[in-house]
Amino acid sequence: MLNRVLVQISRAEEVEYLARFTAVLKKRYPRIDISGLYVRNVEEYMKYNSAMYSDTYYHDFQNVWKGVEDRKEQEVKEKFEEFFNGCSFISKNGYINSIVLDQMRASDLLILAKQEFLNHEIKSLLRTHHKPIVIVPERKSYSMDKILVADDERLEVNKAFFNFMYIFEEIKQFQALAVNIDQDKLMDLNIYLEKTAKKITYDFKTGHVDDIVLGYMRDYDLLIMGDLKHSFMIERIAGKPGIKILEKTDIPVYIA
């Protein structure tokens, strides 16, 4: 069941398409509460130790940093109020990962914008998160009709799949993609689903994992992946390709 959604926003340019994605959730769940979060990241600021500079220089630097952050926050807030009508906006000072993890405690789901490359903050968050995350690329439109599961035979993707079904309980049909996995050894989740009025269809492929998954994803609205905390990437779906999938995806990716 989905009740509260947290949307982390880093730049004003992200707001409009994140609003389009959350509108899809709002249509399905009209009663959900959506909050926007902007973090004034002190990590860059803290790199400059006051002992390394004169008082005048350090004071000037503080003022410049504050001015830049004030402008960025105001731009994000104005955009948020324009496209997230009636939703609450939260601004915090601190380390991004710590603030986001703390704010996630009161939410069912975190939504954040896909970056061209996985930066330090996103990598850290993917290692430490305790609630589901949806990484959203920019698109003209979004849907939640066709769901793809990247089944890498790990327990983590099984947990992610059941977590997704709990939150989005009205979705009944799923497609699973298994790459370089023995069909006879993969557990068929329909054994469980037959009692829930849900169904998952399997497709088995062999070849380069990242190319197959990225190509297959084009016909779907959202990809479910397993928790990346322990291996950080999809180890059984073949190590490093997991990074490429997250960086090159053109559909939202659900990670739990």
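Numbers at a glance
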{"quantity": "Cross-chain or 6+ apart pairs with Cβ under 8 Å, segment 103-118 first and part of a helix (DSSP H, G or I), then among the aliphatic types (A, V, I, L, M)", "calculated": "103/6; 103/37; 103/90; 104/6; 104/110"}
{"quantity": "Residue count for segment 166-195, restricted to those that are part of a loop (DSSP other than H, G, I, E, B) and modelled with pLDDT of 90 or more", "calculated": "5"}
{"quantity": "Total residues in segment 188-222, condition without any contact (Cβ under 8 Å) to a residue 12 or more places away in the chain and either over 30 Å from residue 29 (Cα atoms) or among the acidic types (Asp, Glu) (or both)", "calculated": "3"}
{"quantity": "Which numbered condition residue 229 misses (of (1) modelled with pLDDT of 80 or more; (2) of a type in the set (Lys, Arg); (3) under 19 Å from the mean Cα position of the chain (by Cα))", "calculated": "(1)"}
{"quantity": "Positions within segment 20-51 being within 21 Å of residue 71 (Cβ to Cβ) and either modelled with pLDDT of 95 or more or hydrophobic (A, V, I, L, M, F, W, C) (or both), in sequence order", "calculated": "36, 37, 38, 39, 42, 46"}
{"quantity": "Lone unmet requirement of (1) at pLDDT 90 or above; (2) surrounded by fewer than 19 Cβ atoms within 10 Å (Cβ to Cβ); (3) not basic (Lys, Arg) for residue 54", "calculated": "(1)"}
{"quantity": "Test result for residue 145, among the charged types (D, E, K, R) and surrounded by 19 or more Cβ atoms within 10 Å (Cβ to Cβ)", "calculated": "no"}
{"quantity": "Residue list for segment 119-159, filter: of a type in the set (Gly, Ala, Ser) and either within 22 Å of residue 172 (Cα to Cα) or modelled with pLDDT of 95 or more (or both)", "calculated": "141, 143, 150"}
{"quantity": "Subset tally (residues that are farther than 19 Å from residue 4 by Cα and under 14 Å from the mean Cα position of the chain (by Cα)) for segment 100-124", "calculated": "10"}
{"quantity": "Matching option when the condition is part of a helix (DSSP H, G or I) and either among the β-branched types (Val, Ile, Thr) or under 17 Å from the mean Cα position of the chain (by Cα) (or both), among 76, 134", "calculated": "76"}
{"quantity": "Residue count, segment 119-131 (criterion: in a loop (DSSP other than H, G, I, E, B) and over 22 Å from residue 69 (Cα atoms))", "calculated": "3"}
{"quantity": "Test for residue 69: is it in a helix (DSSP H, G or I), at pLDDT below 95 and more than 18 Å from the chain's Cα centre (by Cα)", "calculated": "yes"}
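The values are calculated or read from the model by the stated rules, or taken from the named source; none is laboratory data. Here the structure is a predicted model, which is why all the values come from computation and not from measurement. Positions of Cβ are generated from backbone atoms using ideal geometry, with glycine treated the same way; all protein chains shown enter the neighbour counts.
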